[in-house]
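Working notes for the structure below.
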Amino acid sequence: MQEPISSLVIVGGGTAGWMAAAFFAKRFADTPLKITLVESPETGTIGVGEATVPAMKLFLNDLGINEREFILATKATFKLGIDFDGWHKPGAAFFHPFAPFGVSIAKVPFHHYWAYARHSGKAGPIDDYSLAAQLARQHKFALSKDDASELARFNYAYHFDAGLFAQYLQGFATARGVSHVPATISHCRQCPTSGMITALVLDDGTAVEGDFFIDCSGFRGLLIEEALHTGYEHWNQWLPCDRALALPCDHQGQLPPYTRALAASAGWQWRIPLQHRHGNGYVYSSQHLSDEQALVELEQNLQGKPLAAPRVIRFNTGMRRKTWNKNVFAIGLASGFLEPLESTSIYMIQTALNCLFNHFPHRGDCSALSDYANATLSDVTEKLRDFIILHYHLNQREGDAFWDDCRHNSIPSTLAERLQEFRETANLRFRDADFFQMTSWLSMFSGFQQLPHYQHPKVMMFNRDLVVEELAQMRNAIGRISGEVTSHQQFLMRSGLMQEQPSGIYLDNP
């Protein structure tokens, strides 16, 4: 009979480490499992991505965390999607909302009608048919009603301070029995026959023993790579950006309920609104731009006074050859890195945690469990990778060396097949591993002006004028609804989630 493990050791704190600690403290409450988190006091949170996707709400609900308490503790704001500025061509923008576009007509999905009318210039960009996109454009926010019509439904995520989030989860986890050991790890001990990690040896000589280890040590991969030499699969041939320059600034103006991704000369710049500051950064290719040039370009686009010294973060896009190797499971940056273009970093932490729980180890042979877990996470990550590559591949920014290279680079066969499928059928097939569904792909196809060759016969049988009228009615209904909604900033203040001082600086409630 299998024997359960008795000790779980998490290496590293930050967002990944404390999410893992909180998650397993909740999952294994009232059990003998001992959970210990060891983190170096000198190591801070990278904090490149402070934006999330709607799956973050599921994480909070799963842990029983009150949304209001979370927002106040992390100085969070709401997020309706991402604004892509200049990605298709300079001066052109489109929106990726957390919401569907339009509504079906006569059992045929909306996008078939939209593409049919768009071909003849009788329909606007697909953004026009999304309430979330229109609210975001107007810097407005409201909570969607449970009984709202299909056209008025939308989802949301958050922007939050990653450092404050880690602190909040630390309190949550330690209150539920997680042992916190603030110490620097000198080295680890391994079984001479199996290679399994048996203990972490700290600088003072103390040993922290464990049955299973979660590596949240960041890019370094203290256990998964330095100890176990797992190997890394590089994806730089498709995603050439290998630097991120982070620089927060103070507030200037309103709080938009979306993340902004601005195409730049050799990559893109993010802008993330929090209650107490704006997060800014530049993800770029060092083959096309120096760190000094990147800083100049980023500073030129700041909309507020810098609040800290700029930080350059070097990374290699890709993933470990195994997420789970022997008795080590890597989470967060230790498992790999996809640039924060679609705010998937924290989502991947959630996915990894759920995957590990569903394949949780015991003291016996766990090779079958680890094989299934590795295959699952590889599939999920590769699908995220393809969606991000799509953003670069479809660009029409002719004359910029970086963007020309991205457009002409080869793409994975899995992505090429999806592009071909959409052109030929106006549809895509999805599996459980696909996080981004049809709405997300449609936002990209529309934004980059990619229309399918196929037109649904039933749509073509409709009178074109009636189709155009139906689309206009949808757009008008969205306009009426958005006109009744207050600003994002006012929503936060009226809900008691934020208060405004006479100086115009926004602070969380005491």
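What you get for the chain, charging only the Cβ of Lys and Arg (+1) and of Asp and Glu (-1), is a dipole of about 900 debye around the Cα centre.
Of the residues 169, 80, 244, the one whose Cα sits farthest toward the positive end of the charge dipole of the chain, with +1 on the Cβ of Lys and Arg and -1 on the Cβ of Asp and Glu, is 80. Between helix 14-27 and the chain there is an angle of about 80 degrees, using the helix long axis and the longest principal axis of the Cα atoms.
If R0 equals 30 Å, the separation of the Cβ atoms of residue 150 and residue 26 corresponds to a calculated FRET efficiency of about 0.30. Taking the Cα centre of the stretch 151-275 as origin and assigning +1 to Lys and Arg Cβ atoms and -1 to Asp and Glu Cβ atoms, the resulting dipole is close to 600 debye.
For the stretch 145-155, backbone phi angles converted through the Karplus equation (6.51, -1.76, 1.60; θ = phi - 60°) give residue-by-residue couplings of 6, 4, 9, 5, 5, 4, 5, 9, 8, 7, 10 Hz, Gly and Pro being listed as x. Helix content alone sets the calculated 222 nm mean residue ellipticity of the chain: runs of n ≥ 4 DSSP H residues at -39500 (n - 2.57) each, divided across all residues, give -10500 deg cm²/dmol.
Can you give the extra length, in nm with one decimal, that the chain gains between residue 410 and residue 103 once fully stretched, where that is 0.36 nm per residue apart less the Cα-Cα distance? Before the final figure, lay out the partial values.
Working: separation 307, 0.36 × 307 = 110.52 nm, distance 3.55 nm.
Gain on extension, residue 410 to residue 103, equals 107.0 nm.
For residue 191 and residue 495 in the same chain, what is the full-extension length gain: residue separation times 0.36 nm, less their Cα-Cα distance, in nm? Fully extending the segment from residue 191 to residue 495 adds 103.9 nm. Pairs from the list 79/383; 75/140; 107/458 with a Cα-Cα gap above 21 Å: 79/383. Oblate is the label for the stretch 359-473, because the ratio a/c of its alpha-carbon gyration tensor axes (a ≥ b ≥ c) is 1.5 or higher and a/b is not greater than b/c.
Placing unit charges on each Cβ (+1 for Lys and Arg, -1 for Asp and Glu) gives the chain a dipole about its Cα centre, and among 257, 102, 285 the Cα reaching farthest toward its positive end belongs to 102. Rounded to the nearest 10 degrees, the angle from helix 367-393 to the longest Cα principal axis of the chain is 40 degrees. Modelled label positions at residue 429 and residue 61, each set 7 Å beyond Cα in the direction of Cβ, lie 3.0 nm from each other.
Distance between the 7 Å Cα→Cβ label points at residue 295 and residue 354: 4.1 nm. Principal-axis analysis of the Cα atoms of the chain puts helix 413-425 at an angle of about 30° to the longest axis.
Could you compute the FRET efficiency for residue 472 and residue 203, with r as their C-beta to C-beta distance and R0 at 60 Å, rounded to 0.05?
Values: r = 68 Å, r/R0 = 1.14.
Computed FRET efficiency for residue 472 and residue 203: 0.30.
Here the 3J(HN,Hα) profile of the stretch 157-167, calculated from phi with Karplus coefficients 6.51, -1.76 and 1.60 at θ = phi - 60°, is 10, 9, 10, 8, 7, 4, x, 5, 5, 4, 4 Hz, Gly and Pro shown as x.
Taken together, the values in this text are just the output of simple stated rules run on the coordinates, not laboratory data. On a predicted model such as this, the values are computed, not experimentally measured, just so you know. Ideal geometry is used to build each Cβ from the backbone, glycine not excepted, and the neighbour counts take in all protein chains shown.
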